[in-house]
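The structure appears right after this line, and notes come after that.
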Amino acid sequence: MSLIYVVEDDQNIREIESYSLRNSGYSVEEFEYAKAFWSRVAERIPDMILLDIMLPDSDGVEILKKLRRNPETKKVPVIMVTAKSSEIDKVKGLDNGADDYITKPFGIMELISRVKAILRRINRMEEEKFMSLHEIFLDGEKRMVYVSDVPCELTYKEFELLKLFLQNAGIVMERENIMERVWGIDFEGESRTLDMHIKTLRQKLGSAGKYIKTVRNVGYRIE
């Protein structure tokens, strides 16, 4: 069960947010003041924070900046919840590391939907840090690949290719799609570049290179 901290000085809004989140299956702790929030963060880091931009004893953007400077909290997703609706306020929050921004008054279903979307994305990113297939193991955090526990040195593009294949194991990836995902939509080089990288990737993977299959006139897949 994900733990969410609701930092909001308006009691009515805080209670509505907390009630809705609990009904959606989340564990919730409420904070009216930044001081109490920081004391609790020191004891336990939550899975997400709903942060009001204007608190009695602090500014939400300053709290956000402090969260992002701390190695232990810099990756905790934060949704800014505020009465301010100007574009510059939204940009300020997002530029300082907010994952999303919702303006009061807001619908409860919208809030829950945004919370679920961010937590799904975070969970997917966590899962994709470490991927494996047969004797291939990819450590996305350290950007290392191992074949039968032996380190395999790959270039940046080779690593991104293998990661893309593992994310789509068993699925045929069209050449154009691979080029766009790995080289970028504006890449103007020859498609032969892809074939060359696949060739060297197979070689470096050794016997595990056989799992990367060529699908004639379409693209590649790993199986």
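Key figures
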item	result
For segment 96-101, 3J(HN,Hα) per residue [Karplus equation, 6.51 cos²θ - 1.76 cosθ + 1.60, θ = phi - 60°, Hz, x = Gly/Pro]	8, x, 5, 8, 7, 8
Residues with amide H under 5 Å from that of MET144, placed H, sequence gap 5 or more	ASP139
Gaussian network model of the chain, Cα within-10 Å springs - most flexible of ILE79, ILE136, ILE122	ILE136
Estimated FRET transfer efficiency when R0 is 41 angstrom, pair ASP9-GLN167 (beta carbons, to 0.05)	0.45
Principal-axis tilt of helix 156-167 within the chain, Cα atoms, nearest 10 degrees	80 degrees
Label-point gap, in nm, between LEU133 and GLU43 - each point 7 angstrom along Cα→Cβ	4.6 nm
The chain, helix-only ellipticity at 222 nm - DSSP H runs n ≥ 4, -39,500 (n - 2.57), divided by all residues, nearest 500	-13500 deg cm²/dmol
Per-residue HN-Hα couplings for segment 114-120 [Karplus 6.51, -1.76, 1.60; θ = phi - 60°; Hz; x = Gly/Pro]	5, 4, 4, 4, 5, 5, 4
Residue-by-residue Karplus 3J(HN,Hα) for segment 208-214, coefficients 6.51, -1.76, 1.60, Hz, glycine and proline x	6, x, 5, 6, 8, 9, 8
Full-extension gain in nm, ARG216 to ASP57, via 0.36 nm per residue minus C-alpha separation	50.8 nm
Convex hull of Cα atoms in the chain, direction-averaged projection (nm²)	15.3 nm²
Solvent-accessible area per residue for the chain (1.4 angstrom probe, square angstrom)	57 Å²
Relative contact order [Cα under 8 Å, 6+ residues apart], the chain, whole percent	12 percent
Rounded tilt (10° steps) of 34-43 against the dominant C-alpha axis of the chain	50 degrees
GNM flexibility winner over the chain from GLY184, GLY209, GLY170 (Cα, springs under 10 Å)	GLY184
Rounded percent of accessible protein surface that carbon and sulfur make up, the chain, 1.4 Å probe	48 percent
19 Å Cα-Cα reach of LYS66 towards lysines, excluding residues that sit fewer than 8 places from it in its own chain	LYS35, LYS74, LYS75, LYS90, LYS92
Relative contact order %, segment 107-162, counting alpha carbon pairs below 8 Å whose residues are six or more apart	17 percent
Between 0 and 90°, nearest 10: helix 60-69 axis offset from the chain longest Cα axis	40 degrees
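The values are calculated or read from the model by the stated rules, or taken from the named source; none is laboratory data. Everything numeric in this text was worked out from a predicted model, so none of it was measured. Please note: Cβ atoms are built from the backbone with ideal geometry, for glycine as well, and neighbour counts cover all protein chains shown. Please note that ligands, DNA and RNA were not included when accessible areas were found on the heavy atoms of the full protein model with its side chains. Shrake-Rupley method; radii C 1.70, N 1.55, O 1.52, S 1.80 Å.
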